[in-house]
Amino acid sequence: MILKQIGDNANQVLPHQLLMFWLKEYQRPNDKINHLKAQGYLESIKKGLYFAGPQLTDIKPDRMLVANHILGPSYVSLESALSFYGFIPERVYEVSSMTTKAPRSFDTKLGRFTYYRLPLPYYSFGLRMIHLPSEQHAVIASPEKALCDKIISTAGILFRSTKNAYGFFVESMRIDEAALKGLDTEMMKKWLSDSPKRESLLMTIKMIEQL
């Protein structure tokens, strides 16, 4: 029964509490969990989080969903979000997220997950709940927020002019001008009063509006 439950939820992250519920008839459920891991029916993401192992299925949960679960509160952003929206040409192997907690990184069997700290209330702006191909949902930054987060979270970035902003996003990150033109700069302006690096964000907004 437990193997069917795990297999039927192969595209999901399986918290320890859920496994304990499935194993409530067992006298030593934690021993059973360790046995399932040893046999390859369960894989551990980190302490308290699992997914279906290779002995059951090749299906794995979407990494954006996994990122939301590893550390909360958090949302996917930076290059991971920009790649999802097609703003940057490179495939991204590390999933980058923002959190209100201390910055951390996790190396797991599903890849590397990195979290950068943001202050409130700025953290809560520009978030979307997206529908994943796996029929799950994940919280991800809007393209506008991912762009702003990139400025704020990257050490040494300080735009004194629109030329600086253009050089960074168009020439260095290779974001297409047409994609930038489609961004909602009026929404971005509403975040400025509560944003770190306001001058750099303002120069970015002006650069976009001049395209």
Residue check: is Leu183 in a helix (DSSP H, G or I) and not assigned by TED's automatic domain parsing to the domain that holds Asn9?
no
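Residue-by-condition table, conditions (1) surrounded by 15 or more Cβ atoms within 10 Å (Cβ to Cβ); (2) more than 22 Å from the chain's Cα centre (by Cα); (3) on the phi > 0 side of the Ramachandran plot:
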position: Tyr115; (1), (2), (3): yes, no, no
position: Tyr122; (1), (2), (3): yes, no, no
position: Glu135; (1), (2), (3): no, no, yes
position: Val139; (1), (2), (3): yes, no, no
position: Gly167; (1), (2), (3): no, yes, no
position: Leu180; (1), (2), (3): yes, no, no
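Looking at segment 93-104, is at least one residue within 19 Å of Ala179 (Cα to Cα), surrounded by 13 or more Cβ atoms within 10 Å (Cβ to Cβ) and touching a Lys or Arg at 6+ places or on another chain (Cβ under 8 Å)? Give the steps one after another, and end with the answer.
Filtering segment 93-104 for residues within 19 Å of Ala179 (Cα to Cα) gives none.
For segment 93-104, residues within 19 Å of Ala179 (Cα to Cα), surrounded by 13 or more Cβ atoms within 10 Å (Cβ to Cβ) and touching a Lys or Arg at 6+ places or on another chain (Cβ under 8 Å): absent.
Taking the conditions exactly as written (part of a strand (DSSP E or B), among the small types (Gly, Ala, Ser) and either out of contact with any Phe, Trp or Tyr (no Cβ under 6 Å at 6 or more places or on another chain) or at pLDDT 95 or above (or both)), does Ala138 satisfy them or not? Walk me through how you get there before you give the answer.
Details: part of a strand (DSSP E or B): yes; among the small types (Gly, Ala, Ser): yes; either out of contact with any Phe, Trp or Tyr (no Cβ under 6 Å at 6 or more places or on another chain) or at pLDDT 95 or above (or both): yes.
When the stated conditions are applied, Ala138 passes them.
Could you list, in sequence order, the residues of segment 149-161 that are more than 15 Å from the chain's Cα centre (by Cα) and either touching a residue at least 40 places away in the same chain (Cβ under 8 Å) or part of a helix (DSSP H, G or I) (or both)? Explain how you work it out, then say what you get.
First, pick out the residues of segment 149-161 that are more than 15 Å from the chain's Cα centre (by Cα): 151-152, 154-161.
The answer is Ile151, Ile152, Ile157, Leu158, Phe159, Arg160, Ser161.
Of the residues Asp176, Asp149, Asp194, only one is touching a helix residue (DSSP H, G or I) at 6+ places or on another chain (Cβ under 9 Å), modelled with pLDDT of 95 or more, acidic (Asp, Glu) and over 20 Å from Asn68 (Cβ atoms); which? Talk me through it step by step, then tell me what you get.
Numbers: Asp176 fails: modelled with pLDDT of 95 or more; Asp149 fails: over 20 Å from Asn68 (Cβ atoms).
Within the list Asp176, Asp149, Asp194, the selection yields Asp194.
Which of the residues that make up segment 70-86 are assigned to a loop (DSSP other than H, G, I, E, B) and surrounded by 21 or more Cβ atoms within 10 Å (Cβ to Cβ)? Write out each step before concluding.
Start the filter on segment 70-86 by keeping residues that are assigned to a loop (DSSP other than H, G, I, E, B), which leaves 71-73, 77, 85-86.
Result: Ser77, single match.
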When (1) farther than 28 Å from Pro196 by Cβ; (2) modelled with pLDDT under 95 are applied to Thr108, the one that fails is (2)
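The values are calculated or read from the model by the stated rules, or taken from the named source; none is laboratory data. Values in this document were obtained by computation on a predicted structure and should not be read as measured data. Virtual Cβ from ideal backbone geometry, glycine too; neighbours counted across all protein chains shown.
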